[in-house]
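So the structure is just underneath, and the comments pick up after that.
The values are calculated or read from the model by the stated rules, or taken from the named source; none is laboratory data. Only a predicted model underlies this, so the values are computations on that prediction, with no experimental measurement involved. In this analysis, Cβ positions are derived from the backbone assuming ideal geometry, glycine residues included, and neighbour counts consider all displayed protein chains. Each accessible area value is taken on the protein alone, full model and side chains, heavy atoms only, with ligands, DNA and RNA left out. Shrake-Rupley method; radii C 1.70, N 1.55, O 1.52, S 1.80 Å.
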Protein chains: 2
Amino acid sequence: MAKAPVLTPQAEDFPRWYQDVVAKAELAENGPVRGTMVIRPYGYSLWERMQAEVDQRIKAAGARNAYFPLFIPQAYFEREADHVEGFSPELAVVTVAGGKVLDEPVVVRPTSETVIGELMAKWVQSYRDLPLLLNQWANVVRWELRPRVFLRTTEFLWQEGHTAHATSEDAAAYARRIAHDVYEDFMVNVLALPVVVGRKTASERFPGAVNTITCEAMMGDGKALQNGTSHELGQNFASAFGIGYLDDQGAQQTAWTTSWGVSTRMVGGLIMGHGDDRGLKVPPRLAPIQAVVVAVRDDDAVLERCRELAAELAGSGVRAELDVNVEVSMGRRVTDWELKGVPVRLELGPRDLADDAVTLVGRISGTKASVPLAGVGRAVADALDAQQSEILSQATDRRDSRTAECAGFEDTLEAARSGWARVSWDALGREEGEALLAESSVSVRCLVRPDGSLPLADSEPDLVAVCARAY
Amino acid sequence: MAKAPVLTPQAEDFPRWYQDVVAKAELAENGPVRGTMVIRPYGYSLWERMQAEVDQRIKAAGARNAYFPLFIPQAYFEREADHVEGFSPELAVVTVAGGKVLDEPVVVRPTSETVIGELMAKWVQSYRDLPLLLNQWANVVRWELRPRVFLRTTEFLWQEGHTAHATSEDAAAYARRIAHDVYEDFMVNVLALPVVVGRKTASERFPGAVNTITCEAMMGDGKALQNGTSHELGQNFASAFGIGYLDDQGAQQTAWTTSWGVSTRMVGGLIMGHGDDRGLKVPPRLAPIQAVVVAVRDDDAVLERCRELAAELAGSGVRAELDVNVEVSMGRRVTDWELKGVPVRLELGPRDLADDAVTLVGRISGTKASVPLAGVGRAVADALDAQQSEILSQATDRRDSRTAECAGFEDTLEAARSGWARVSWDALGREEGEALLAESSVSVRCLVRPDGSLPLADSEPDLVAVCARAY
């Protein structure tokens, strides 16, 4: 009798496969209040690694971390017309506190442009105070009607950057810098997701933005996931909150602001962007556990050598874990490490030991080889590099093979059944074509140049629309 | 005419001095909703360093980070009688979300014992699942009637550890381990606050705990600050939430739990525990900026050498900052670096350069010396070590000189006007004496052994009460 698969196969039911991975790899589960989630230790360790990598890039881009309140006066939301319209349906409101009904209800932040705008107005006085580059790591709340763990939850964790600039050009350049140097760099080189960086169409912009740059990743079922966004807010929030400054001529000016964020949604992107029927595949540069040393059998010499090996790898900077849990069957443990997507597995049993060797298995490449114990440090380092390249090329190959060059509306709709369509924005019929696609749940994920690069303006000629169904 | 002091002198008005430091060093300010705070970049960088140091120690103690929801069903709070009584007056409640009145209001977490208890009950089945050691970094909300930035705010940031154990002994030992190996070690060796680690009296325990271990620090005005606590929760939460397990004999048992936390309140403790009339003093091991290289004057050779020096220090692992902001007067910049408490300042001007030297100023020791540029790396490393020892001995000397050995109620009351009193718990009159002290706003901060160490039980003989006024 064939062994029952641990996970629902992707080809059978992709959404159920996703739920199975989240549960079986012990990544997260639903919280008691509808739409909330509990992030379990292994899931959280993936997020911690994402935070560390993104935080380092944000700091390199000159922004400084700060912290703004969870609670925002409801009236703040009414100051920017598009913003209030966009967020009102999703707000959670505290009306009772300290045993009393509040005179003024407070909103649990869905995003912090408003409260940060209020504070920036105090802090910015002169052109010398600009640019003001801030970021915060925080939780935000958006009441979700159709929640889905990591992808769309009532509460999620994220970073939100907020900056103020003296000129439109400076704000636009910084929003692009974040999209490229922070998000795209992290997503491609660490997460190994070959994102397309493009401009959102007007209907898909952040409420209150004049331009939204998005990083779109292809998932295993050919759908798109918006994995991070960077917004030019023009002077909308600066005007609403009075962020003004005296320029070097002594004239009063209004500032230009940006905001940008990535969230725990990226954990969902990691799962669906790389996983297979055996579970997660985690790129080595992200992996909280890069290599696991597995003792095949309960044997003193084997256990001791495994301990030495794990310590040796940790000493050389590999995030290594030791599995000497020999009372559990080897098959079950291997299944579990595969499920968790650990990129390199070193199996050591009495036969390996007799050969002065260890069996090195690559989760991403699927390769298995006997490696001399003497040179194992170098072999693991090489294997990690190889797995990192391999996972990016697997994801890039899939994205490219499932992206069709289309000529107009009909073939775009057809291509978006199973992947992405690239079509001339003009040939699609621009906003009208976009509205028609929406009737079939297909959206314009972003606009790019013919060579795939980021356009600087909606008015550029020959824009290409990347169209897909999306999470 | 004498220059007006930047800060209200401590001796004149300590609470105003505190507010001045918070504002002028740009640490934090009030948020728009009563009792909330905005943590500004420099204040947040102090918290980030605290987080990094505490997180490392928590992981070394075997606990793993996870994340639990901000929103908790109101009904959960009613399951543990002391807990609901303790927290009810402080809860913030969401009653409206997604545009509708909720059928069941949800509480914004004031602490997470309840929701984590609910999840632990699912995860713990067998003795093999124990101990379960979890921690989360999160924001919590307690509606405060008399808020004070960092010390008592409606929303604050903290870590809360939550663990489940098979036996009372194991839970008690872990609560002590956290108090000593995580909190005391961090507070003494990094924060340089010589905390007294003791047991809270029954009236001061966490709501729902059977024992609370506290780390009490003396502030500059002789008052005490509870800087962190570790609780044994007995079986109170395990019974209320059904955290049970099958023991190795197959019998059903109830688990024993602990919880423990430190918060942004520690930033207040850092300010008031070390600051002087010139501002903050930050211990080098904590300091986000350990050494600042200050160009005394706008001179190309000086600026270039300053840049090299800052880069050299950063390269050798010092958290170094460069100040070439020469359009601002040297006096004002020095005042500002003193205000921010940067432990080592290197001043370099044309005369220093001519001597191939730099002027090294210790913020904590108040020393100033010319140091040859050739050996400056070593000199800075030595100075940082010296400032770290010096700040701990300053704080220890103050604590010891302002702690009086008392014989009974009257002299305890007198001593607590300006510092701490140590008095036999029996001679004080135990709970009765404690209640009398409370009438004069003096509290028993904790019970210790005569040698100052942590008692294992309230029933130990010869307990000493440490009494003080407190924040």
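Identify the residue in the stretch B:87-100 that is assigned to a helix (DSSP H, G or I) and open to solvent by 30 Å² or more (accessible area, probe 1.4 Å) and, among all such residues, is farthest from residue B:174 (Cα to Cα).
Kept after step one, since they are assigned to a helix (DSSP H, G or I), are these residues of the stretch B:87-100: B:87-90.
Right, trim to open to solvent by 30 Å² or more (accessible area, probe 1.4 Å) and you get B:88-90.
Values: B:88: 28, B:89: 30, B:90: 29 Å.
Filtering first and then ranking leaves B:89.
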Exercise. Taking residue A:68, is it of a type outside the set (A, V, I, L, M), more than 19 Å from the chain's Cα centre (by Cα), open to solvent by less than 10 Å² (accessible area, probe 1.4 Å) and more than 7 Å from chain B (Cβ to nearest Cβ)?
Worked result: no
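Considering only strands (runs of 3 or more DSSP E) fully contained in the stretch A:344-402, which possess at least 1 residues that are in contact with a Ser or Thr (Cβ under 8 Å, 6 or more places away or on another chain) and polar (S, T, N, Q)? Spell out how you get there, then give the answer.
On the way: elements: A:344-348, A:357-362, A:368-372.
Output list reads A:357-362, A:368-372.
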Seminar exercise, completed: When (1) more than 16 Å from the chain's Cα centre (by Cα); (2) over 29 Å from residue A:97 (Cβ atoms); (3) surrounded by fewer than 19 Cβ atoms within 10 Å (Cβ to Cβ) are applied to residue B:203, the one that fails is (2)
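Quick check on residue B:210: is it under 23 Å from residue B:415 (Cα atoms) and among the β-branched types (Val, Ile, Thr)? Spell out the reasoning first.
Working: under 23 Å from residue B:415 (Cα atoms): no; among the β-branched types (Val, Ile, Thr): yes.
Answer is no for this residue.
The rows are residues; the columns are (1) outside any loop (DSSP other than H, G, I, E, B); (2) under 18 Å from residue A:283 (Cα atoms).
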{"site": "A:177", "(1), (2)": "yes, no"}
{"site": "A:187", "(1), (2)": "yes, yes"}
{"site": "A:192", "(1), (2)": "no, yes"}
{"site": "A:213", "(1), (2)": "yes, no"}
{"site": "A:221", "(1), (2)": "no, no"}
{"site": "A:226", "(1), (2)": "yes, no"}
{"site": "A:230", "(1), (2)": "yes, no"}
{"site": "A:240", "(1), (2)": "yes, no"}
{"site": "A:257", "(1), (2)": "yes, no"}
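Being under 17 Å from residue A:246 (Cα atoms) and within 11 Å of another protein chain (Cβ to nearest Cβ) is the requirement here; does residue A:132 meet it? It would help to see each step written out before you state the result.
Numbers: under 17 Å from residue A:246 (Cα atoms): yes; within 11 Å of another protein chain (Cβ to nearest Cβ): yes.
So residue A:132 fits the description; yes.
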Problem set entry | Count of the stretch B:21-46 residues which are part of a helix (DSSP H, G or I) and in contact with a strand residue (DSSP E or B) (Cβ under 8 Å, 6 or more places away or on another chain) | 8
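Residue-by-condition table, conditions (1) of a type in the set (Asp, Glu); (2) open to solvent by less than 30 Å² (accessible area, probe 1.4 Å):
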residue	(1), (2)
A:291	no, yes
A:294	no, yes
A:336	yes, no
A:342	no, yes
A:348	no, yes
A:351	no, no
For this session: Would you check which residues across the stretch B:242-252 are part of a strand (DSSP E or B) and either without any contact (Cβ under 8 Å) to a residue 60 or more places away in the chain or closer than 17 Å to residue B:84 by Cα (or both) and list them?
Result: B:252
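Just to check your reading of the model, which residue among B:57, B:79, B:49 is assigned to a loop (DSSP other than H, G, I, E, B), more than 10 Å from chain A (Cβ to nearest Cβ) and either more than 30 Å from residue A:100 (Cα to Cα) or not polar (S, T, N, Q) (or both)? Show your work before the answer.
Numbers: B:57 fails: assigned to a loop (DSSP other than H, G, I, E, B); B:49 fails: assigned to a loop (DSSP other than H, G, I, E, B).
Among B:57, B:79, B:49, only B:79 is assigned to a loop (DSSP other than H, G, I, E, B), more than 10 Å from chain A (Cβ to nearest Cβ) and either more than 30 Å from residue A:100 (Cα to Cα) or not polar (S, T, N, Q) (or both).
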Exercise. For residues in the stretch B:393-408 being open to solvent by less than 50 Å² (accessible area, probe 1.4 Å) and either hydrophobic (A, V, I, L, M, F, W, C) or within 21 Å of residue B:433 (Cβ to Cβ) (or both), which is modelled with the lowest pLDDT?
Worked result: B:408
Seminar exercise, completed: Only unsatisfied item for residue A:265, checking (1) of a type in the set (Lys, Arg); (2) surrounded by 17 or more Cβ atoms within 10 Å (Cβ to Cβ); (3) more than 27 Å from residue A:207 (Cα to Cα), is (3)
Exercise. Does residue A:123 count as of a type in the set (A, V, I, L, M, F, W, C), surrounded by fewer than 18 Cβ atoms within 10 Å (Cβ to Cβ) and either within 11 Å of another protein chain (Cβ to nearest Cβ) or out of contact with any helix residue (DSSP H, G or I) (no Cβ under 6 Å at 6 or more places or on another chain) (or both)?
Worked result: yes
Problem set entry | Filter result for the condition that a residue is over 30 Å from residue A:123 (Cα atoms), away from chain B (no Cβ under 14 Å), touching a residue at least 24 places away in the same chain (Cβ under 8 Å) and of a type in the set (A, V, I, L, M), over A:179, A:224, A:166 | A:224
Problem set entry | Residue within the stretch A:92-105 that is within 20 Å of residue A:241 (Cβ to Cβ), in contact (Cβ under 8 Å) with a residue 24 or more places away in the chain and more than 9 Å from chain B (Cβ to nearest Cβ) present | no
